[in-house]
Each structure stands twice: as structure tokens, then as C-alpha cells.
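First comes the structure, then the notes that go with it.
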Protein chains: 2
Amino acid sequence: MNPKISQFLNANQLTTPCLIVDIDQIEQNYQQLHHAIPNADIYYAVKANPALSILNKLISLNSFFDAASWEEIQSCLNAGAKPSQISFGNTIKKVSAIQAAYQANIELYAFDTIEELHKLAKHAPATKVYCRLAVDNIGADWPLSGKFGTTVEHAIELLLEAKKIGLCPYGVSFHVGSQQTNPHAYVNAIEKSALVFNALADHDILLEMINLGGGFPIHYHKDVPEINQFATTIQNSLTQCFGDDMPRIILEPGRYLVGNAGVVSTEIIQSSQRGKMNGPRWIYLDIGRFGGLAETEGEAIRYPIITMYDGSTTGPVILAGPSCDGVDVLYQETSYHLPLQLTAGDRIALLNTGAYVSTYCSTCFNGFTPLEEHYI
Amino acid sequence: MNPKISQFLNANQLTTPCLIVDIDQIEQNYQQLHHAIPNADIYYAVKANPALSILNKLISLNSFFDAASWEEIQSCLNAGAKPSQISFGNTIKKVSAIQAAYQANIELYAFDTIEELHKLAKHAPATKVYCRLAVDNIGADWPLSGKFGTTVEHAIELLLEAKKIGLCPYGVSFHVGSQQTNPHAYVNAIEKSALVFNALADHDILLEMINLGGGFPIHYHKDVPEINQFATTIQNSLTQCFGDDMPRIILEPGRYLVGNAGVVSTEIIQSSQRGKMNGPRWIYLDIGRFGGLAETEGEAIRYPIITMYDGSTTGPVILAGPSCDGVDVLYQETSYHLPLQLTAGDRIALLNTGAYVSTYCSTCFNGFTPLEEHYI
């Protein structure tokens, strides 16, 4: 475990469940990504964790921000970000949200339909817009395809239309899926982007930007390629497609910046063989799918677990949350083995839980209050 | 739509998304269930919706309460419920929660493992305990089996043990699964319960109570059996198993009491054919799986939808939530048809959303604040 968090946990008797996030680790992640892909502007995906301490640190590092809503834009502005540092990256936006963002001088907006484009032309005239492409999400543990994005052909039409209705066609974006473990997923997507750039150039419209989205993986239960492998693959693909005429590159990391900076401390409510039933022990934790671990749906994201008895004899376990809900089971198919000594009242740590935990957490399902958060 | 809610929606320009709940409808549902199964005590499953207005109304009707956590117990007590009206129905409880409940004079506790039983004996001595049986959930749209409950044989052992360690072995419980559409699901479960009663009687321990759980279905997308069909089936089964020696009967309805009393009003953010892609229109709402509609996971619960253009020409749609998350799609496999006229900015109503919406809602995923609630 991150030593700073480990020390903090030992020094404080915290109420569980709680999330501890090491802000220095986030700075380190930011610098690492910046060094790996130095020609890219990093737009932090605020939705991964909108805590003020994180926004403050990233502002001090001159980060940009990818906001999914007017509320996230407000959080960034309140933390001191300039409007020019913020992209409104959700392709579906309420008119009221577009109006508010425009009033706040936000200059950059995503879209992927003709309807959204017309909303933007009306309520955020003359701003920079970029079209999201639908791309392959194979290789991603948490796919994001299907719901957003459009075809190359349609993106070309839309960007031409953007120009006609007074917007600034600025570029394209895509998302290869969250926790994407295959660097080559970016290659196909960059090639699609280049097709759009070339088609627009034929109409004398010079797009300026490619938004590569997020998706860089972090270490959960298995090894993933290093960020440098992604960087090399991406740079080669960009060079091949654009040569010396390199567009502005935008990245939207969320998980990559904050995921490994967080640890969830949770108490075991019950550890039981469950009577005469065969099969593994059930361990019920005081955090579950509705307490913030939403990404365990389908057992997609598999957090490493640390216990005070690590090194002693282990056995297979099923891990479940504290609520009465039958779907509130974290890992049943995934093979987790934990020390046999673990019992009710013991605390265990779920690693790499800095992203997408505090925000997914339900307001009060089963009466449980949202987990406490500590930013250190 | 419920006319009282319809009138309220027309009279007020509410911020969306929001939930409007008709308290009179809850009273009507309570009375209906009470008349259908008059020999049962109704323990409202607070987790379905813990709003103070609902608790107040149910207290005025002399309802009992099934609490999933110490926090829910507190809500009931704060609303004026007596400790004797409250069951601590979660089979897995933190020691601190048991201690708090015992201090607050809660008398009735669920369990299904030897570990929990020993926690109860230590921290809530001499209280009444009931053992949850694992029963078939076939026929339920939202199954609750797998995570809780034990076998008949083990329940017998545990209840004998309860006696030995100074607890009062009070009865058994089961849950046939939420939105259970097959009345006969209760028959098998009652028969299992009778086996436990008989075995304990052989040891001169007279169990007093069967907790039939919840599960009574309400009308979503398809017709479901009337409550009277369930009542008849249950009464017949109880008579067959227990004759004149009828135990105390407990019900734990949640959805049945509050589900049809609620309507969610939501704004369409975008309605789009999504470019050159084939297939239905996509309609994006300002509420999704993480804004409270968690039970649309796997498209399990299918809310009826009312629009201002009902009666006009419709077409197939895919319904999605407002967040950037790829899994935030409500209905893609389910065949929903909505008026072609619907466009961004229009409001639609999701019916029968009184249960399990306000509490599942995330604290701030994508920056969206929890839906507003109106109890009328």
C-alpha cells in the first residue's frame, strides 16, 4: 500500500467505510503522463473524483479539465480554473447547462448529433466544437461504446454543418473505453480521426485538435502495459497519420490520475461459511456496490485487497456489500483468496479506489451514509 | 397517472429530475394489504423509501417497520415509532449497530449464520431472533436469493443454539424475491418454515412467528396477479401447514406500499436518430441508472412512461441516462415506443417510481445533484 496512506490509516482510527486519497500521488501520476506524452494537454476527467483538493492540486500543475456537467464546470471555476482550461465534454447537454457554460465563457464543447449541434449554435454561438467518433472498445474492462459517438461519414457532415451555422469546427474526440489494456485501440481511432481531418481539409476547413479521451489503465488484479507503451504507440500512429502537421492533442485521463492514489478502508461485518452450504466463505463488507464500488458491476473492476493477516493461510471467499440487495455482491465469480483468520470487526483495505468511488456512492441506500473522504 | 400527482405537476414548474410521492396512495395501499391479509402485521421495508412523510403516515396507521440498518432504526424512532414496532431485518449487522439498537430497546433481530447469532447473544442478550431461510426466487423480477438465508437443517440447528445461548428463538423469515409475480413462491417457503417449526417443537421450543418478507408485485410493464390472489394462496398454505395453531404473521412490503405512489418527472436532454446509424432513436433523460433508476440494471424493472403527446404516432426508442457512463442505458433490449414528436426540453413521467429511487441515487456522479423529492 502507498506508505503515506498506510501511515495515515495507522495514525487515525477512522470511521469506516472511508476513502483516503494521496494528493502527492496524483501529482506524480500527472507528471508521469505529461512526460510520456509531452505534446498533449491533459484535461482531467473531473467525474473520476471532483474533490476540491484534487482540483486545486491540478490547477497548480496547469492541468485542463474535462467536465461532464454544468455542476462540474462550476466546481472547476470555484477551484480557480480559468474558463479556457475547461472542456464541456458530455455530448448531451441541457439547454440550460449550455447557456450557463456559455455565460461563464466556456469555449470548448463536445457533440455527436445534429440536434446537439443546433443547440450549441443557438446557445453557445461561435464556440469551438468537436465531434465524438464511435470507436472500437475491445480490450477495455469498462467499455464506453454504444451510448455515444458517431460514424466518420456523419462526423464529416456534422463538422461541415457546424461551420455553416457559425460554430468553429475544432476537431474530433473518441473514447477507447475505460481501463483499456490494448495500446492499439488508439491506433484505429487515430486513423479514423485522420479520415475526418482529411475530408474537412478538402473543404478548406482545417481541424486543429484530436481528443484521445481517457482509458489508460492502472494496475488492479493483473498487470497492464506501462504508460510508455501507450505513448509510443500513440505517437507513432499520430506521426504516421499527420506527419509534420500535428494537431493539438488532448487527453482526458480520470482513472489514470487518481485511481492508484486512493484506498478504501472497510470493516468486515460478517465472515461466515454460511451453515451447511458448500462453497467459499462469505465476507460481508461495510461498503458495496451502492456505497461507491459501482464498477464491481459484472465484476469488471477488481480491486486488490490488503489485510492485516497477509502471509497467513488463505481460502476462497465471496465478497459482498452491507445492503439487503441481492445484487450487492462484489466478487463471486472472480477468485479472491483471503486469510482464514479474518473475522467480523477486522478492517481490510481496497487498493486503487481513488477513481469513481466517492461519486457513484448512493445518498442513503439501506440508510447507510456516504463514505467519508480524506485527502492527504 | 395518479390525478393528485398530475395536478401537482401541472400546478408547479418543478426542477427536474424530481420524484413526487402521493402519501394518500400509500395509505390506500396499506389498507388494501391489511384487508387482504388481516392476520398479518405489516412491517414497512424502510429501505424502499425512508422519507419522513411516509414514516409519519405509516405510524399514524399503526404500521410496524423493517429496518436494514441502525440509521433506518433511528429514522423510525425519530419519526415517533416505538422500539417494539421495529424489526432489525438485515441478517448482517455491525456490532456497533447491534449495540445501538439494543440500547434503543429494539427487541427483534434477523440472522442466518452462527457468527451473527453469537454477536446477538453478546450484544443484544435475551432478545427475540428469527432465522432467515434461503428459498426459491423463481418468478421474481429482482431476485434476492443467494446472498442471504440458510437451509432448513441449519436453521433448526441455529435456533436450538439461540435458545442455548440465552436468546429467544422467535421464528423464521424468508424472501421470495422482489416483484415476485408467482403466488406459489410463498407456498414452498411456508412449507419450509413449517418444517422448522415442527423440528423445534420436537425440542419443546415453540416458535411464534413467520416473516413472509416482501415481494408483492406492482404493475409496471405487464399485468401482475392481484394482491387477493397472493392472500388466498398464502392463507391456504398457512392453514394447511399450521391448522388452528397459526403463528404470528409478519409481512415486509416495500415496493407494494410506495411503488405506485411515486412519479418521476424527467426532462429529455436529447432525442436523436444518431446520424447515419440504423436502429431506434436514442432519447437521453436527465435521470438514469445513477440518478436513482438503479433497478433498470439488466432492464429488470420497466417503468411505464407517460408523455404529453400520448396518442400520436410513436416509434421505437432506446432510453439512456445523462451521464458519460456507457452502462447508463435504461432500456435498449426492452421494446419501448414513444411519440415521434418528443424533443429536447420536453418532460416525460416515469410511473410507479415511488420505491427504491430516492435512496439508490448517487451523491454526485457526473456532478449531477440528487433528484428533488416532493411528498404531497
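The values are calculated or read from the model by the stated rules, or taken from the named source; none is laboratory data. The structure presented is a predicted model; accordingly, all values stated were derived computationally and were not measured. So basically every Cβ, Gly included, is an ideal-geometry build from the backbone, and we count neighbours across all protein chains shown. Quick note on the areas: whole protein, heavy atoms, side chains included, nothing else; ligands and nucleic acids left out. Shrake-Rupley method; radii C 1.70, N 1.55, O 1.52, S 1.80 Å.
Points worth noting:
- Summing Lys and Arg as +1 and Asp and Glu as -1 over all other residues whose Cβ lies under 15 Å from the Cβ of A:I37 gives a net charge of -2.
- Teacher prompt: A:H118 distances to equivalent labels in other copies, 7 Å Cα→Cβ, nm: 6.9
- Look at the Cα gyration tensor of segment A:1-82: its axes a ≥ b ≥ c give a/c of at least 1.5 with a/b at or below b/c, and that counts as oblate.
- Helical contribution to [θ] at 222 nm, DSSP H n ≥ 4, -39,500 (n - 2.57), averaged over chain A, rounded to 500: -9000 deg cm²/dmol
- Label zone at B:K82, where the point sits 7 Å out along the Cα-to-Cβ direction: segment B:90-130 residues whose backbone N lies under 18 Å: B:102-109, B:128
- Residues of segment A:91-148: accessible area per residue with a 1.4 Å probe, Å²: 35 Å²
- R0 of 22 Å, Cβ-Cβ distance A:N198-A:N105: FRET efficiency to nearest 0.05: 0.10
- Inter-probe distance in nm under a simple model that places probes 7 Å from Cα toward Cβ, at A:N56 and A:Q341: 3.9 nm
- Taking Cβ atoms as reference points and 15 Å as the exclusive limit, the residues near A:L212 contribute a net charge of -2, counting Lys and Arg as +1 and Asp and Glu as -1.
- Contour minus Cα-Cα distance for B:T151 and B:K4 (0.36 nm per residue): 48.3 nm
- Between chain A and chain B, roughly 5500 Å² of accessible surface gets buried, counting both sides and using a 1.4 Å probe.
- Other-copy label distances relative to B:E191, 7 angstrom Cα-Cβ extension, nm: 6.2
- Listed by chain and number, the lysines whose C-alpha is less than 25 Å from the C-alpha of B:K57, apart from same-chain residues fewer than 8 away, are B:K4, B:K47, B:K82.
- Based on Cα atoms of chain B, Rg over Rh with Rh as the Kirkwood radius reads 1.01.
- Inter-copy separations for A:K163, label at 7 Å along Cα-Cβ, nm, ascending: 8.7
- Our coupling estimate for segment A:258-268, obtained by passing each phi through the Karplus curve with A = 6.51, B = -1.76, C = 1.60 and θ = phi - 60°, is 10, x, 7, 8, x, 10, 9, 9, 9, 9, 6 Hz, Gly and Pro reported as x.
- Cα shape, segment A:137-256, gyration tensor, a/c 1.5 rule: prolate
- Summary value for segment B:260-375: 37 percent relative contact order, contacts being C-alpha pairs under 8 angstrom separated by 6+ residues.
- Placed amide H near A:L293: partners under 5 Å, 5+ positions off or other chain: A:G288
- Take the Cβ atoms of B:K163 and B:D245, set R0 to 22 Å, and the FRET efficiency comes out at 0.65.
- Isotropic mean projected area of the C-alpha convex hull, segment B:212-340 (nm²): 10.3 nm²
- Over segment B:62-101, the fraction of Cα-Cα pairs per 5 Å bin, rounded to whole percents and listed from the shortest bin up, is 6, 28, 37, 20, 8, 1.
- Reachable lysines, given that their alpha-carbon falls under 16 Å from the alpha-carbon of A:K164 and they are not under 8 places away in the same chain: A:K119, A:K122, A:K128
- Residues with amide H under 5 Å from that of B:I318, placed H, sequence gap 5 or more: B:R281, B:W282, B:I283
- Cα-based convex hull, the protein assembly as shown, per residue volume (Å³, whole number): 149 Å³
- For segment B:32-125, the share of alpha carbon pairs falling in successive 5 Å distance bins from zero is 3, 14, 26, 21, 17, 11, 6, 2, 0 percent.
- Sum of side-chain charges, B:L120 neighbourhood, beta-carbon under 14 Å (Lys, Arg +1; Asp, Glu -1): +3
- The length gained on full extension between A:K122 and A:E208, counted as 0.36 nm times the residue separation minus their Cα-Cα distance, comes to 28.7 nm.
- Apportionment of accessible area to carbon and sulfur, chain B, percent (1.4 Å): 48 percent
- Taking only the alpha carbons of segment B:271-373, we obtain Rg and Dmax values of 13.4, 39 Å in that order.
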